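First up is the structure itself, then whatever we jot down about it.
No value in this document is a laboratory result; all are computed from the given coordinates. The model shown is predicted, which means the values in this text are computed figures rather than measured ones. Methodologically, a virtual Cβ is constructed for each residue, glycine included, from the backbone with ideal geometry; neighbour enumeration extends over all protein chains shown.
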Amino acid sequence: MSLQNKTIVFIGAGNMGEALIRGLLATKMVSPSRIIATDLRANQREFLAKTFGVRALEDNTAAVDAADIVVLAVKPQQMGEVLADFKPAMSESKLVVSIAAGVTTARIERELGGRTRVVRAMPNTPALVGAGAAALAKGAYATDDDLVAAESILGAVGISVRVEEKLLDAVTALSGSGPAYVFLVTEVMIRAGVAAGLDEPLAKKLAIQTVYGAGKLLVESGEEPASLQRKVTSPGGTTEAALKVMSERKLGEIFTEAIKAAEKRSRELSGS
Ligand SMILES: NC(=O)c1ccc[n+]([C@@H]2O[C@H](COP(=O)([O-])OP(=O)(O)OC[C@H]3O[C@@H](n4cnc5c(N)ncnc54)[C@H](OP(=O)(O)O)[C@@H]3O)[C@@H](O)[C@H]2O)c1
C-alpha cells in the first residue's frame, strides 16, 4: 500500500508521534495536508500545526473518521481509553499501526472489534534523530500490503524489520531498551576516564564521540563487530588488556542475563 493519497492520523503526538511526523514529511512521501495529529495538550497541537503545517485536533473520533491509516502513539496505559474513544469511527477499511510497547495486536483487534487490520511496531528512541531500529509484526487480519505501509511510516525514522509477533518481546529487550544499555556504558566509560585522570568534560566529550564513531563505523563499514574489534586489538596491547578484564568479569554473561530479564519483563507486561 503506497502512502500517497492516504490520510495518516497520529493519535498521540508526543516524542514518538512527533518524530514520525517529522520523518514522514522529510521523505516527501506524504504532504502535510494528509496528516492529522491529535494530542491532549493544546500547546502541543499548536506547535504541530505551526511547525509542520499538519492539522492538529483534540477530537480523536473526528480524526479517525478522516483516516486511512491510524497510528497509535499514546502511552500503553492510555491505550484502553483511547481505543474506546475512537472505536465508533473505525471501519475495516482503516489500517491501525500501533507503536505502544506491550500492547498486543489481539488486544487492539478485540477492543476495536470486527476484523480490524493491525500492524504492531516496536521502535526505539534513536528514531528521534532518524536513526531508529523498529521491528514490525502483523495481526490476524492485516495484509502484506499493510506491512509495507507500516514499513514506509517507520522507515521514515530509521530501519525496520519484520518479525513474528511473539518475537517482539525479544526485540523490546534488545533494540527497544538497547539505547539505555549504550547510554549506561557511555556513563561508565566517562567515570572510568575520570578515574584514569581525565577531567570530566573531556572524558565526556571523548566517550560520547567514541560511541557515536563506533556505531557509525559499524553501520558504514558493514564489517562484523568481531572483525572491527580484532582490528583495534593488537596482541599484547592496551585494548587487549581492557578486553581481558571484561572477559574475566564475564561482561558477555551480564548482557545475556540482562536482555533475558528484559524479555521476561516484556512478556509479563504484555501478558504474552
Ligand atoms: N519513547 C520510546 O523509547 C519508545 C520506544 C518504543 C515504543 N514507544 C511507544 O511509543 C508510544 C509513545 O511514547 P512517547 O514517548 O511518544 O510518549 P509521549 O511523549 O507521552 O506521547 C504520547 C502523547 O499522547 C498524548 N495522549 C494521551 N492520551 C491521549 C488521548 N486520549 N488522545 C490523544 N492524545 C493523547 C499524550 O498527552 P499527555 O502528555 O497530555 O498525556 C502525549 O502527548 C508509547 O506507547 C511507547 O510504548 C516508545
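What to note about this one:
- Relative compactness, the stretch 2-155, computed as alpha-carbon Rg over 2.2 N^0.38 Å: 0.93
- Unit charges on C-beta of K, R, D, E only; dipole of the chain, Debye: 200
- Cα centre as origin, Lys/Arg/Asp/Glu Cβ charges: the stretch 27-103 dipole, Debye: 320
- Rh by Kirkwood over Cα pairs, then Stokes-Einstein D for the stretch 138-202 at 1.002 mPa s and 20 °C, µm²/s: 143
- Kirkwood analysis of the chain, using all unique Cα-Cα pairs, places the hydrodynamic radius at 20.4 Å.
- Beta bridges by DSSP in the chain, antiparallel share as percent, to the nearest 5: 15
- Phi angles of the stretch 125-133 translate, via the Karplus equation with coefficients 6.51, -1.76, 1.60 and θ = phi - 60°, into HN-Hα couplings of 5, x, 4, 5, 10, x, 10, x, 10 Hz per residue; Gly and Pro are given as x.
- Globularity ratio of the stretch 143-262, using Cα Rg and 2.2 N^0.38 Å: 1.32
- For the stretch 65-128, the Cα gyration tensor yields ellipsoid semi-axes of 19, 13, 11 Å (square root of five times each eigenvalue, largest first, whole Å).
- Listed residue (62, 129, 218) projecting farthest to the positive dipole end of the chain, Cβ model: 218
- Against the rule of thumb 2.2 N^0.38 Å, how large the Cα Rg of the stretch 95-172 comes out: 1.02
- Using θ = phi - 60° and Karplus 6.51 cos²θ - 1.76 cosθ + 1.60, couplings along the stretch 134-140 (whole Hz; Gly, Pro as x): 10, 10, 10, 9, 9, x, 5
- Contact order, relative form, for the stretch 1-130: 25 percent (alpha carbon pairs under 8 Å, 6 or more residues apart, mean separation divided by residue count).
- Here each label is just a point 7 Å from Cα along the line to Cβ, and for residue 247 and residue 260 those points are 2.2 nm apart.
- Of all beta bridges that DSSP places with both ends in the stretch 119-165, some 45 percent have antiparallel geometry.
- Where labels lie 7 Å past Cα in the beta-carbon direction, separation of residue 219 and residue 41 in nm: 2.7
- Prolate/oblate/rounded label for the stretch 217-269 (Cα gyration tensor, a/c 1.5): oblate
- Couplings 3J(HN,Hα) of the stretch 251-259, computed from phi: 4, x, 5, 4, 5, 4, 5, 4, 5 Hz, in residue order, whole Hz [Karplus 6.51 cos²θ - 1.76 cosθ + 1.60, θ = phi - 60°; x for Gly and Pro].
- Restricting attention to the stretch 1-159, the count of lysine pairs at 8 or more positions apart or across chains with alpha carbons under 18 Å apart stands at 5.
- Taking only alpha carbon atoms, the stretch 18-105 gives an Rg to Rh ratio of 0.94, where Rh is the Kirkwood radius.
- Within a straight-line Cα-Cα reach of under 17 Å, residue 231 can be paired with the following aspartates and glutamates, leaving aside sequence neighbours fewer than 8 residues apart in one chain: 220, 223, 240.
- Amide H contacts for residue 37 (H built 1.01 Å from N in the peptide plane; partners 5 or more residues away or on another chain; cut-off under 5 Å): 10, 55, 56, 57.
- Bridging of residue 250 to lysines at a Cα separation below 18 Å is possible for 260, once same-chain residues fewer than 8 apart are set aside.
- Rounded to the nearest 20, the Cβ-based charge dipole of the stretch 47-204 about its Cα centre (Lys and Arg +1, Asp and Glu -1) stands at 100 debye.
- Distance between the 7 Å Cα→Cβ label points at residue 141 and residue 2: 2.7 nm.
- Summed side-chain charge close to residue 73 - residues other than residue 73 whose Cβ falls under 15 Å, Lys, Arg +1, Asp, Glu -1: +1
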